[in-house]
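Data block below; observations after.
Rule-based calculations on the coordinates, nothing more; no lab input. What you are looking at is a predicted structure, and each value in this text was computed from that prediction instead of being measured. Backbone-built Cβ (ideal geometry, glycine too); neighbour counts: all protein chains shown.
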Amino acid sequence: MTLALDRPATCATAAAEPVPAVTGSALRVPLVTGGSATYANLDHAASAPCLERVRDAVEEFLPWYASVHRGAGFASQVSTRIYERTRNVLRRFVDARSGDTVIFTRNTTDALNLLARSLPRNTAVVQFDTEHHAALLPWRGPHVTQIETPRTRADAVAAVDAALARCPVGPRLLVVTGASNVTGELFPVAELAAVAREHGARIAVDAAQLAPHRGVSVRELDVDYVALSGHKLYAPFGAGALIGRADWLRAAPPYLAGGGASRLVTTDGTRAGAVWNTGPERHEAGSPNTVGVYALGVACAELQHHRDEVLRHEAALLDRLRTGLAAVPGVAELRLFDEDGTDPQAVGTVSFVVAGLDSGWLAAVLSAEYGIGVRDGAFCAHVATRRLIGRTGTEVSQALRVSIGLGTTPEHVDRLVLALRQVVARGARWDYARQDGRWTPTPDPRALPDFLVGWGEDTTRH
């Protein structure tokens, strides 16, 4: 069996290759007005579609799927090799140091909660209050400082400098996002890391939105921890990772108690005791998600191989999107930093409001009448989204987010812009009402796909 992980993670060749293909690119969805449309998935920041390469690799692996680490059977040995070699793929993907550890988790939220549980006693934590909830909420204790995100990147660095200077003596950790999941803007991670070093602090980066779009180098950025999610990286099989320095993680109690984390278990007749493993398996109790881990590794290798093509593809689409939105009456884009231009320091995520229109209603119209999938709400970053909406001066309570990726085409972007112009000019062609807090077409004639008909219905009722 030749593993997809064995593919060299080389740079792009002189002849530019196409971007990696995703599953579902030909998916057609029904419209309330009749007929169907090719689905325009503009919600990559929530969950990216599966790469065809990942789908094929998982399909090839499934017959070999078995237990890892303790199985004597040949399939178990194959599964163990896949699981452990994927750690090397993740190290290469983020350019980790030789001593860094790779711990597999469910997602970024899980990874950052693991790190929070592993901090030395009385660690002072500094963070921006505009972080995604995955990075905002896990930290507890008396020494957590939240900074309101300043209006420029330079001010952000200065604010962190001042906050770290006020921290008590002892271990310190700066937590920062690589790219905002609300606006796509990049934070000055390298500059923030340099400030952290001056104060003897470590730095953890939420790379969930950064890693699918840009290369992440632990060495060049000089950061200590990186957390990422497979479902943002075109590997939606339920795996993520925490990558970084091993000492705090090795010294912390296991994240979960159970098989795999324990090296030796004894009992005195009343309660069990354990000697815990000291490697990454210390925090990976239970049977691991081997399929998800493999999918994550294959996706990372594929993105690394096509990094130049990915950058060119997304830069062209982002420019097209911003240019189109700027011409739609009433549209106000949300921005963290007051800096000139279209801001090349951003990944393919744009959030905005439309004056006088409810964002949830607008998202429903785009879906039902145009076959476009976007995200509405506050994007698991309530503080950031509310603050940025307030800056627009509109009386809208939630925003609309458009996020592009490998499955996005120029036609998707153009269709969105045209749809927005039409809805702003003449309204919807269908009736909509709130049901369970969401706007839905009334009535909704769209049929569910055949595989879902009857699935999970309550058959106990008469």
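Estimated from helical segments only, the mean residue ellipticity of the chain at 222 nm is -10000 deg cm²/dmol, where each DSSP H run of four or more residues counts as -39500 (n - 2.57). Taking amide H atoms as placed 1.01 Å from N in the peptide plane, the amide H of ALA252 has no partner under 5 Å among residues 5 or more positions away or on other chains.
Computed 3J(HN,Hα) for the range 232-244, one whole-Hz value per residue from the Karplus formula 6.51 cos²θ - 1.76 cosθ + 1.60 where θ = phi - 60°, is 8, 9, 6, 9, x, 10, x, 10, x, 7, 10, 10, x, glycine and proline marked x. Amide H to amide H, with H built 1.01 Å from N, ILE147 comes under 5 Å of GLN127, PHE128, ASP129, counting only residues 5 or more places away or on other chains.
Look at the dipole of the chain built from charges on Cβ: of VAL226, ALA355, LEU264, the Cα furthest out on the positive end belongs to LEU264.
In whole percent, what relative contact order does the chain give with Cα contacts below 8 Å and a gap of six or more residues? Averaging sequence separation for qualifying contacts and normalising by length gives 22 percent for the chain.
Taking neighbour counts of Cβ atoms within 10 Å as a proxy for exposure, in what order, fewest first, do LEU27, LEU264, LEU418 appear? Walk me through the numbers before you get to the answer.
On the way: LEU27 16, LEU264 9, LEU418 13.
Arranged by neighbour count, lowest to highest, LEU27, LEU264, LEU418 become LEU264, LEU418, LEU27.
On full extension, the segment bounded by ALA75 and SER217 gains 47.7 nm, given 0.36 nm per residue less the C-alpha separation.
Taking other C-beta atoms within 10 angstrom as a stand-in for reagent exposure, HIS44, HIS213, HIS305 fall in the order HIS305, HIS44, HIS213, fewest first.
Placing pseudo-labels 7 Å out from each Cα toward the beta carbon at GLU457 and ARG140 gives an inter-label distance of 4.4 nm.
Relative to one another, the C-alpha centroids of the range 319-369 and the range 38-83 are positioned 35 Å apart. Taking every C-alpha pair closer than 8 Å and separated by at least 6 residues, the mean separation divided by the residue count of the range 280-364 gives a relative contact order of 26 percent.
Only sites in a loop by DSSP and with at most 11 other Cβ atoms within 10 Å count here; which GluC sites (Glu not before Pro) in the range 337-430 make the cut?
On the way: sites: GLU339, GLU369, GLU395, GLU411; in loops: GLU339, GLU395.
Those satisfying the criteria are GLU395.
Using a 10 Å cut-off around each Cβ, can you sort THR278, THR80, THR267, THR109 from fewest to most neighbouring Cβ atoms?
Working: THR278 12, THR80 17, THR267 9, THR109 21.
Final ranking by Cβ density, sparse to dense: THR267, THR278, THR80, THR109.
How large is the charge dipole for the chain, taken about the Cα centre, if only the Cβ atoms of Lys, Arg (+1) and Asp, Glu (-1) carry charge, to the nearest 20 debye?
The dipole of the chain has a size of about 900 debye.
Taking amide H atoms as placed 1.01 Å from N in the peptide plane, the amide H of LEU173 lies under 5 Å from those of ALA124, VAL125, VAL126, ARG202, each 5 or more residues away in sequence or on another chain. Taken about its Cα centre, the range 54-304 carries a charge dipole of roughly 640 debye when the Cβ of each Lys and Arg holds +1 and the Cβ of each Asp and Glu holds -1.
Please work out whether the range 270-380 counts as rounded, prolate or oblate from its C-alpha gyration tensor, where a ≥ b ≥ c are the square roots of the eigenvalues and a/c under 1.5 means rounded, while otherwise a/b larger than b/c means prolate and anything else oblate?
On the way: a/c = 2.58, a/b = 1.93, b/c = 1.33.
Prolate.
Normalised by the number of residues in the range 54-304, the mean separation of alpha-carbon contacts (under 8 Å, six or more apart) gives a relative contact order of 25 percent.
Between GLU198 and SER67, the contour length at 0.36 nm per residue exceeds the alpha carbon distance by 42.6 nm. Looking at the range 397-457, the chymotrypsin sites (Phe, Trp or Tyr not before Pro) that sit in a DSSP loop and have at most 13 other Cβ atoms within 10 Å of their own Cβ are TRP455. Our estimate of slack between ARG28 and THR270, defined as 0.36 nm per intervening residue step minus the Cα-Cα distance, is 81.1 nm. Site pair ALA21 and ASP319 shows an inter-label distance of 2.8 nm when each label is modelled 7 Å from Cα along Cα→Cβ.
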